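Trainee: Okay, here's the structure, questions in a sec.
The values are calculated or read from the model by the stated rules, or taken from the named source; none is laboratory data. The model shown is predicted, which means the values in this text are computed figures rather than measured ones. Counting neighbours? That spans all protein chains shown, and the Cβs are built from the backbone with ideal geometry, glycine included.
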Amino acid sequence: MVEQIQQELQAFIEPEKAEFLPKFFKTGAGEYAEGDVFLGVRVPWQRKVARKYFQHVGLEDIKALLSSPVHEYRSVALIILVHKYEKAKYEEEKEKIAQFYLDNLDHVNNWDLVDLSADKILGAYLFDKDRQPLLELAASQDLWRQRVAMIATFYFIRKGDFADTLALAELFLDHPHHLIHKAVGWMLREVGKRDQQVEIAFLKEHYKRMPRTMLRYAIEKLEPQLRQEFLKGLV
């Protein structure tokens, strides 16, 4: 089954994408995704293949795909895993998938892989449970695990629960990497879409300490005048 999925993806390779994607995802020496390998397959085709096969593959097949150095194989594996989680009927199934996800985070190692999976699997699983695993990921000093922690709270945000998002945002205020700045700003913006006063209260307390990228992402949906006041330090 793994070979079938890999062969099917080969049919959707676009040479110009294969050339562009390694630059876009920063795979060069010393960059955040150093060594990541891209075939050049667009995400809609990845999703099409995942939908076709997700009912026919088990966790061992998913692990084989996830263990590949090829980015699109890992992406399809995670899309399949999300489908499996969302279709799981029993808590035991969901727990097994969530634990599998945590056990294989070494392979969830680019921002798009985090963003397509963290909230839909880990966030969904932890919503009615102890959220300590998020704090452990946040404290890990690993960029991708930290982003998983932050993006997982997107599930909570959609449910009107902002506490963990705000706690992690505060924890990451001094983080050195722009991919965490963007994740935090994005999640704060999503909080603001549901309750702007909660977002503004958080920003008023912390915006002068925020990295500029984080602040710009966070205030993107605010009224233009208020955005300028935050940017100029006048709030």
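Trainee: Restricting segment 188-215 to residues that are within 15 Å of A167 (Cβ to Cβ) and in contact with an Asp or Glu (Cβ under 7 Å, 6 or more places away or on another chain), which is surrounded by the most Cβ atoms within 10 Å (Cβ to Cβ)?
Mentor: In this case the residue turns out to be L188.
Trainee: Does A29 meet the test of being in contact with a Ser or Thr (Cβ under 8 Å, 6 or more places away or on another chain), aliphatic (A, V, I, L, M) and either in a helix (DSSP H, G or I) or more than 16 Å from L81 (Cβ to Cβ) (or both)?
Mentor: Values: in contact with a Ser or Thr (Cβ under 8 Å, 6 or more places away or on another chain): no; aliphatic (A, V, I, L, M): yes; either in a helix (DSSP H, G or I) or more than 16 Å from L81 (Cβ to Cβ) (or both): yes.
No; evaluated as a whole, the condition is false for this residue.
Trainee: Within segment 57-72, work out how many residues are of a type in the set (A, V, I, L, M) and assigned to a loop (DSSP other than H, G, I, E, B). Can you show your working first?
Mentor: So the first thing to find is which residues in segment 57-72 are of a type in the set (A, V, I, L, M), and the list is 57, 59, 62, 64-66, 70.
Now narrow it down to the ones that are assigned to a loop (DSSP other than H, G, I, E, B): 57.
Residues in segment 57-72 being of a type in the set (A, V, I, L, M) and assigned to a loop (DSSP other than H, G, I, E, B): 1 in total.
Trainee: Go through (1) free of Cβ contacts under 8 Å to residues at least 60 places away in the same chain; (2) assigned by TED's automatic domain parsing to the domain that holds L168 and name the single condition L143 misses.
Mentor: (1)
Trainee: So which of Q6, Q46 is more than 20 Å from the chain's Cα centre (by Cα), in contact (Cβ under 8 Å) with a residue 12 or more places away in the chain, surrounded by 18 or more Cβ atoms within 10 Å (Cβ to Cβ) and within 30 Å of A124 (Cα to Cα)? Please lay out each step first, then the result.
Mentor: On the way: Q46 fails: more than 20 Å from the chain's Cα centre (by Cα).
None of the others qualify; the one that does is Q6.
Trainee: To continue, here is another question. Inside segment 71-84, can you point out the residues that are aliphatic (A, V, I, L, M) and either in contact (Cβ under 8 Å) with a residue 60 or more places away in the chain or in contact with a Gly (Cβ under 6 Å, 6 or more places away or on another chain) (or both)? Talk me through it step by step, then tell me what you get.
Mentor: Just the residues of segment 71-84 that are aliphatic (A, V, I, L, M), to begin with: 76-82.
Passing the criteria: only V76.
Trainee: Report, by residue number, each residue of segment 9-20 that is touching a residue at least 24 places away in the same chain (Cβ under 8 Å) and in a loop (DSSP other than H, G, I, E, B).
Mentor: Narrowing segment 9-20 to residues touching a residue at least 24 places away in the same chain (Cβ under 8 Å): 9-10, 12-17.
Matches in segment 9-20: F12, I13, E14.
Trainee: So, in segment 25-43, of the ones that are surrounded by 11 or more Cβ atoms within 10 Å (Cβ to Cβ) and without any contact (Cβ under 8 Å) to a residue 12 or more places away in the chain, which residue ends up farthest from N110 (Cα to Cα)?
Mentor: Selected residue: G28.
Trainee: Restricting to segment 66-78, give me the number of residues that are of a type in the set (V, I, T) and surrounded by 21 or more Cβ atoms within 10 Å (Cβ to Cβ). First the steps, then the outcome.
Mentor: At the first step, the residues of segment 66-78 found to be of a type in the set (V, I, T) are 70, 76.
Imposing the further condition that a residue be surrounded by 21 or more Cβ atoms within 10 Å (Cβ to Cβ) reduces the set to 76.
Within segment 66-78, residues that are of a type in the set (V, I, T) and surrounded by 21 or more Cβ atoms within 10 Å (Cβ to Cβ) number 1.
Trainee: Considering segment 38-87 alone, what residues qualify as being under 24 Å from K23 (Cβ atoms) and polar (S, T, N, Q)?
Mentor: Those that are under 24 Å from K23 (Cβ atoms) and polar (S, T, N, Q): Q46, S68, S75.
Trainee: Let me ask something else. Please determine whether any residue of segment 220-227 is assigned to a helix (DSSP H, G or I), among the hydrophobic types (A, V, I, L, M, F, W, C) and not assigned by TED's automatic domain parsing to the domain that holds V108. Let's see the steps before the verdict.
Mentor: If we filter segment 220-227 for residues that are assigned to a helix (DSSP H, G or I), which is where we start, we get 224-227.
Checking the rest, the ones that are also among the hydrophobic types (A, V, I, L, M, F, W, C) come to 226.
With the extra rule that they be not assigned by TED's automatic domain parsing to the domain that holds V108, the set shrinks to 226.
The answer is yes, given that some residue of segment 220-227 is assigned to a helix (DSSP H, G or I), among the hydrophobic types (A, V, I, L, M, F, W, C) and not assigned by TED's automatic domain parsing to the domain that holds V108.
Trainee: Failed condition for P22, given (1) in contact with an Asp or Glu (Cβ under 9 Å, 6 or more places away or on another chain); (2) farther than 17 Å from N109 by Cβ, with all others met?
Mentor: (2)
Trainee: Name the residue, out of E136, E170, that is over 19 Å from W186 (Cβ atoms) and of a type in the set (D, E, K, R). First the steps, then the outcome.
Mentor: Numbers: E170 fails: over 19 Å from W186 (Cβ atoms).
When all the criteria are applied, what remains is E136.
Conditions tested, residue by residue: (1) under 26 Å from E8 (Cα atoms); (2) more than 18 Å from the chain's Cα centre (by Cα); (3) in contact (Cβ under 8 Å) with a residue 12 or more places away in the chain.
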| position | (1), (2), (3) |
| --- | --- |
| P22 | yes, yes, yes |
| G58 | yes, yes, no |
| L102 | no, no, yes |
| H107 | yes, no, yes |
| N110 | yes, no, yes |
| D130 | no, yes, no |
